Amino acid sequence: MHIETIVSEFKARYHATPRLFKAPGRVNLIGEHTDYNDGFVFPMALDRYTHVAVAPRADRRVDVYSANLKEEFSFSLDNNEHAQHHWSDYIAGMAHVLEKAGYALPGAMLYIHSDVPVGSGLSSSAALEVSSALAFLSLISQIIPGPELARLAQKAENQFVGMNCGIMDQFISIHGRADHALLLDCRSLNYELVPLDSSHARIVVCNTMVKHELGASAYNQRRQECETGVRIMQKQWPEIKALRDVTLEKFGGIQADLPAVVARRCRHVISEDERVLESVGALKHNQLRYFGEKMNASHDSLRDDYQVSCDELDQMVEIARAQPGCMGARMTGGGFGGCTVNLVELEQVEAFCANVEKMYQQRTGHKPQIYVSVPSQGAGEKIL
Ligand code: ADP
Ligand code: MG
């Protein structure tokens, strides 16, 4: 949907002139299931955005309209303590968290449209939280520093919506930069923008179009298995606070003392943290092939050690790796469906997309969605 259309639809619906804010979805290039282990992640912002047009109301009501769902909803800021189990929870949760943090808000009219595929693992939820946070804050002429805003948006999703996600999605949606990926230390929230030269390659995201039920329970189980590993290793090394604190070398000496499944989970997380740092090093020297090899190794570790892949993700990765010009292919996101991320030579991108689409559909019966992307700018106001 064009910006002009969003604005004219807003005016037709609410009879007021809006300001417009946007926040992108994201894809994680490498560093999966490391966030809640205090480790490293390496996402980039996609060139797909959620836009929120906003104008204030004189009372404390908030009217929201999603052009994606063609549905409106209304709530009062005076009665906004709990989730309604509705898509508006992400917006109500953001308002709730902002007010709790001391930002008294007026009522508002919001018109929302997103180009981020909803519910596909590309974080339309964080894009919605962050864009609506900026919209609310604009009404009281406030700006919150990026890392703090990311924490508040994460809090809205954790505590109000009830989804126990890490901070990566909100953080990259805010801090993304064109032609850069972002290395984030999930413990300190220190971050570094690393140039990702798009003159020779593209990031291609392939949506398997499946989402297996197992996802949520397996996620909680993996978190517990990591905690168990830390607890056992703390007996020998009391200084360890998270898997982040264990090197692969150190782990080699203790892994036989862990239950076999716990050892595999820990090995994934510890090796993945190392792969992230090696990938970033490779990218800084423009060694795209080496970066791609790390992406491949990440997938294999998620499939074999962490066991969060599924047949469709493995098929998609296998098909991708067989294509000319594919330097790396891996599942991205929590697993059990969702998307893969691929590093593809520029000249081969077109053929890659056509072949993967055809072969994946032949093998699985699902028609995949494929997005060719370059690292893009994070959230902000779109001046009209
Ligand atoms: P992801 O973040 O990977 O897209 P989630 O399940 O975390 O998947 O978030 C998707 C949910 O966010 C949707 O089910 C819906 O409730 C909400 N959402 C995101 N974008 C929109 C939108 N444009 N309009 C309405 N709801 C949205
Ligand atoms: Mg989400």
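The values are calculated or read from the model by the stated rules, or taken from the named source; none is laboratory data. Since this is a predicted model, take the numbers as computed values, not measurements. Using ideal geometry, Cβ is built from the backbone for each residue, glycine included, and neighbour counts are taken over all protein chains shown. Note: areas computed on protein heavy atoms with side chains; ligands, DNA, RNA excluded. Shrake-Rupley method; radii C 1.70, N 1.55, O 1.52, S 1.80 Å.
Here SER217 clears all of (1) closer than 30 Å to GLU312 by Cα; (2) of a type in the set (Gly, Ala, Ser); (3) open to solvent by less than 60 Å² (accessible area, probe 1.4 Å) except the condition numbered (3). Answer yes if at least one residue in region 355-377 is of a type in the set (A, V, I, L, M, F, W, C), under 30 Å from ILE143 (Cα atoms) and not in a strand (DSSP E or B), and no otherwise. There is at least one residue in region 355-377 that is of a type in the set (A, V, I, L, M, F, W, C), under 30 Å from ILE143 (Cα atoms) and not in a strand (DSSP E or B). Applying a threshold of 9 Å to beta carbon distances and a minimum spacing of six or more residues, or different chains, the list of pairs starting in region 296-312 at a residue that is under 16 Å from LYS211 (Cβ atoms) and ending at one that is buried (at least 19 other Cβ atoms within 10 Å of the Cβ) and acidic (Asp, Glu) reads VAL308/GLU32. Only one of the numbered conditions (1) more than 30 Å from ALA354 (Cβ to Cβ); (2) open to solvent by 60 Å² or more (accessible area, probe 1.4 Å); (3) touching an Asp or Glu at 6+ places or on another chain (Cβ under 7 Å) is not met by GLN224, and that is (3).
Does MET163 fit the bill of being open to solvent by 10 Å² or more (accessible area, probe 1.4 Å) and more than 16 Å from ligand 2 (Cβ to nearest atom)? Answer is no for this residue. Might you let me know whether region 107-114 holds any residue that is open to solvent by 10 Å² or more (accessible area, probe 1.4 Å), among the polar types (S, T, N, Q) and touching a residue at least 60 places away in the same chain (Cβ under 8 Å)? Yes: region 107-114 contains one or more residues that are open to solvent by 10 Å² or more (accessible area, probe 1.4 Å), among the polar types (S, T, N, Q) and touching a residue at least 60 places away in the same chain (Cβ under 8 Å). Taken across region 125-134, residues that are surrounded by fewer than 23 Cβ atoms within 10 Å (Cβ to Cβ) and either among the hydroxyl-bearing types (Ser, Thr, Tyr) or more than 11 Å from ligand 1 (Cβ to nearest atom) (or both) do not occur at all. Take region 9-30 and flag every residue that is of a type outside the set (Lys, Arg) and open to solvent by 60 Å² or more (accessible area, probe 1.4 Å). Once the filter is applied, which keeps residues that are of a type outside the set (Lys, Arg) and open to solvent by 60 Å² or more (accessible area, probe 1.4 Å), region 9-30 yields GLU9, ALA12, HIS15, THR17.
Taking interchain pairs and intrachain pairs at least six residues apart, which have beta carbon atoms under 6 angstrom, with the first residue in region 169-193 and at positive phi and the second within 16 Å of ligand 2 (Cβ to nearest atom) and modelled with pLDDT of 95 or more? Partner pairs satisfying both residue conditions: none exist. Candidates are the residues of region 249-265 that are farther than 23 Å from PRO43 by Cβ and in contact (Cβ under 8 Å) with a residue 24 or more places away in the chain; the one that is farthest from the chain's Cα centre (by Cα) is ASP257. Per the listing TYR36, TYR90, the residue uniquely closer than 14 Å to PHE160 by Cβ, in contact (Cβ under 8 Å) with a residue 24 or more places away in the chain and open to solvent by 10 Å² or more (accessible area, probe 1.4 Å) is TYR90. For region 235-259, the tally of residues that are closer than 22 Å to ASP185 by Cα and assigned to a helix (DSSP H, G or I) stands at 7.
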